[in-house]
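Each remark here refers to the structure printed beneath this line.
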Ligand SMILES: [Zn+2]
C-alpha cells in the first residue's frame, strides 16, 4: 500500500470516527433530557388532603318490609273523661243592663228585659256579672282540660247579648248541656245557699236528663264549697234563657250576694276556684261513661 492510499484511509476513518462521536454526543444529550423529563414527571405530587365524609349506610330494603313490633302500633290513647262532650257556658248579665224587652218564649206576649242588671255585694261593691264571669272562666279551663269542647256566650263583661240570643247560642252550638251561671239576692239578708233552676216539663224535652244532671251538679257544688244546697232544684216556666233553648240547660244560683258571709266567699278568687271545681265535678258525673 502506498502512502497516499494510507492517508486516504486514515482520513476516511477519522471522518467516520468524528461522525460517530457527534452522533454519540447527540444521543447522550437526548438521554439527559429524557432523564430530566422523567425527573419532572416522577416528582411527588403536591400533597392534597381529602376530607373523609361518612355517609349513613342505607337500610337494607328488607328492613322496611318487616312488621313493626306489636307494642308500637297498639293504640295507647286514653280518652279524657269529657272527650266528645260539648258544654255551653253563659255567665249571667253584663256590665250594663239592656232594658229593651223581648218575649219570654216564642209566640208569647209576655215581655221581659233583654238583660237585667243582676245583683251585687253591698259590702264589697262587686257585681254579680263579675263574679259569674270569673267562675265561668275557671270552669271553662277545667272542662277543656277534661277534653270537653266549651262555648261561652261571653268572656268579657262589656257586651250586649240578650237572653234570647244566649239561648240561641246554645242551640246553634248544639251543646250537650248549657250552664247559665248566676248569683242570687234576697231582701232577707239572712237567706244563704245555692240552688239550681231548671225548665219545667212543658218547656224542655230533656227534662229527665236535666233534672238528674242538676242534682249531680248541686250536690258536687255543695261538697266542694260547703255552701248550703237546701233549696235544691227549682222548676221554672218564666225564664227567657230556658224557653228559647232546645238543648239541655240549667241555671245555677251559686249563692246569695245579699248575705254578707256568703258575699265575702263568692267574691274571693280562691273560693271561686272551688265553686268552679264543684260545678265541674257535677258535670263530669253527668257525662260519666
Ligand atoms: Zn243573675
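Read the figures in this text as sums done on the coordinates, not as results from a lab. Source: prediction; values computed, not measured. Note: ideal-geometry Cβ built from the backbone for every residue, glycine included; neighbour counts use all protein chains shown.
Couple of notes before you dig in:
- Centroid-to-centroid separation of the stretch 132-164 and the stretch 179-239 [C-alpha atoms, Å]: 18
- Cα gyration tensor category, rounded, prolate or oblate, for the stretch 86-286 with a/c compared to 1.5: rounded
- Prolate/oblate/rounded label for the stretch 92-174 (Cα gyration tensor, a/c 1.5): oblate
- Protection proxy ranking, peptides 180-188, 210-218, 137-145, average beta carbon neighbours within 10 Å, highest first: 210-218, 180-188, 137-145
- Shape category assigned to the stretch 233-289 from the gyration tensor of Cα positions, a/c cut at 1.5: oblate
- Working ranking of peptides 164-175, 101-112, 238-249 by packing, defined as the average number of other Cβ atoms within 10 Å per residue, highest first, is 238-249, 164-175, 101-112.
- Residue 223-residue 202 pseudo-label distance in nm [points 7 Å out on the Cα-to-Cβ vector]: 3.6
- Label point at residue 160 placed 7 Å out along Cα→Cβ; residues across the stretch 102-126 whose backbone nitrogen lies under 13 Å: 114-115
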